[in-house]
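Enquirer: Can you keep this structure in mind? I'll have questions shortly.
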């Protein structure tokens, strides 16, 4: 074996191995990532799983569904408003009221397509009214519906119906205490 040729041969072998790996990596980079599985949320777990763990920050909880056109329309406004506040001040959680049958597939698909960066839960209940009453007895069940909690974990603002970036921003700003 000629020692002067070994490094060249090793480089060719390494290149032959590395080039396909780099091509695969580049192809995968543009491929859609697997959607995050939907987490199920029972009415009795709402306060402990969604609200309690975020005390100290303002919490915005948006109730929505993939079949709800106003919900779909307002989602980019919510994303834009949330970007104006640092994560140390604001947490955003979505709770989908899609059915247990379609929600696990439709919710992640919608969030990925629209590039929505928030965690979404799927309400798991036989009777949606049980969930509605547990979350906010003043809520009539219409969608979209948004609750903004203050740093103390208490409801600061209720936003029924379709919201704009400005209305989300104002509600968050008030709860955060910013001018």
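Enquirer: For residue 153, are the conditions met, namely being assigned to a loop (DSSP other than H, G, I, E, B) and under 20 Å from residue 49 (Cβ atoms)?
Expert: yes
Enquirer: Hey, among the residues in region 40-59 that are modelled with pLDDT under 90 and not in a helix (DSSP H, G or I), which one's nearest to residue 153 (Cα to Cα)?
Expert: Of all residues in region 40-59, those modelled with pLDDT under 90 come to 52-56.
Next, only the ones that are not in a helix (DSSP H, G or I) stay: 55-56.
Values: 55: 5, 56: 8 Å.
My answer is 55.
Enquirer: Among the residues of region 81-96, is any over 21 Å from residue 47 (Cβ atoms) and assigned to a helix (DSSP H, G or I)?
Expert: Scanning region 81-96, I find at least one residue that is over 21 Å from residue 47 (Cβ atoms) and assigned to a helix (DSSP H, G or I), so the answer is yes.
Enquirer: So, in region 137-152, how many residues would count as being more than 18 Å from residue 70 (Cβ to Cβ), surrounded by fewer than 21 Cβ atoms within 10 Å (Cβ to Cβ) and in contact with a strand residue (DSSP E or B) (Cβ under 8 Å, 6 or more places away or on another chain)?
Expert: Number satisfying all stated conditions: 3.
Enquirer: Just to be sure, is residue 83 in the same structural domain as residue 55 (by TED's automatic domain parsing) and modelled with pLDDT of 95 or more? Break it down stepwise before answering.
Expert: Numbers: in the same structural domain as residue 55 (by TED's automatic domain parsing): yes; modelled with pLDDT of 95 or more: yes.
When the stated conditions are applied, residue 83 passes them.
Enquirer: Among the residues of region 117-129, what is the count of those that are more than 16 Å from residue 146 (Cα to Cα) and surrounded by 21 or more Cβ atoms within 10 Å (Cβ to Cβ)?
Expert: The qualifying residues number 0.
Enquirer: Given the conditions (1) modelled with pLDDT of 95 or more; (2) more than 13 Å from the chain's Cα centre (by Cα); (3) surrounded by fewer than 15 Cβ atoms within 10 Å (Cβ to Cβ), which single one is not true for residue 76?
Expert: Unmet for residue 76, out of (1) modelled with pLDDT of 95 or more; (2) more than 13 Å from the chain's Cα centre (by Cα); (3) surrounded by fewer than 15 Cβ atoms within 10 Å (Cβ to Cβ): (2).
Enquirer: Go through region 142-179 and count every residue that is at positive phi and at pLDDT 95 or above.
Expert: Within region 142-179, the first condition is being at positive phi, and the residues that meet it are 153, 161, 177.
Now drop any that are not at pLDDT 95 or above, which leaves 161.
Residues in region 142-179 being at positive phi and at pLDDT 95 or above: 1 in total.
The values are calculated or read from the model by the stated rules, or taken from the named source; none is laboratory data. Being a predicted model, the structure only gives us computed values, none of them experimental. Counting neighbours? That spans all protein chains shown, and the Cβs are built from the backbone with ideal geometry, glycine included.
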